[in-house]
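**Student:** Please see the structure below; I have some questions.
Only the coordinates and a few stated rules stand behind these numbers; no lab work does. Everything numeric in this text was worked out from a predicted model, so none of it was measured. Glycine also receives a Cβ, built like all others from the backbone with ideal geometry; neighbour counts cover every protein chain displayed.
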Amino acid sequence: MKSGNCIIVVIILIALIVGLIIIGNSGIPPTITPIDYNVPDTNIPDSNVPDYNFYTISEIKENNLSSGSYVTEGYVVKTYVCPTCPEGARCKACMQPNIVISENNVLLESYVLTEKEMIVFTGNLDVSQLKLGSKYKFTIQISEYNTTGEPINNVELIGYELIK
């Protein structure tokens, strides 16, 4: 072998060794993702959040809980999504998409609420995924502001799980 070829082979070997040393010392462990064979056959997401304190809807409203995350359960008794505004029309501002949850399974037509009912803002969640009259476990977050006139601050949905 000619000395020029030997030098090239040595340089390539040194580059490989240095590369392996750098990768080995990067501190990034190899990722191995186990296959989860227990994925539910449903499009309803689980809350997948830590266990927060559980309160009934009436306890949340009665105790005027401070901002933070909690768990409650109830029936979906009303859903609201802003209707589409026709192109070129002047439409008034809408309330954020929301659901009304209740301790009682009685559907509502209006926002006249009792101590057993609560408005929950759903953010970008498609409220059509939640079925009227079905009971769910909800993970919620009480915000620091109030836009509803209810005795508690705005409640936002973090996650939910159907109760069978």
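**Student:** Around Glu73, under 11 Å between beta carbons, what's the net of Lys plus Arg minus Asp minus Glu among the other residues?
**Tutor:** 0
**Student:** As a quick test, which of the pairs Lys92/Lys137; Lys92/Lys164; Lys78/Lys164 have an alpha carbon distance above 30 angstrom in this structure?
**Tutor:** Beyond 30 Å between Cα atoms: Lys92/Lys137; Lys92/Lys164.
**Student:** Give me, ordered by chain and number, the residues 5 or more places off Gly159 or on other chains with an amide H under 5 Å from its own placed amide H.
**Tutor:** Hits under the 5 Å cutoff: Thr139.
**Student:** Based on C-alpha coordinates, I'd like the Rg and Dmax of region 57-162, in Å.
**Tutor:** 13.8, 46
**Student:** Dipole of region 61-124, Cα-centred, from +1 at each Lys and Arg C-beta and -1 at each Asp and Glu C-beta, to the nearest 20 debye?
**Tutor:** 260 debye
**Student:** When you count, for each residue, the other Cβ atoms within 10 Å and take the mean per peptide, how do 89-100, 56-67 rank with the highest first?
**Tutor:** Highest mean packing first, the order is 56-67, 89-100.
**Student:** How high is the FRET efficiency between Lys92 and Glu161 when r is their beta carbon distance and R₀ equals 35 Å, given to the nearest 0.05?
**Tutor:** Efficiency, rounded to the nearest 0.05: 0.50.
**Student:** Can you give the relative contact order of region 78-164 as a percent, counting alpha carbon pairs under 8 Å and 6+ residues apart?
**Tutor:** Relative contact order, region 78-164: 25 percent.
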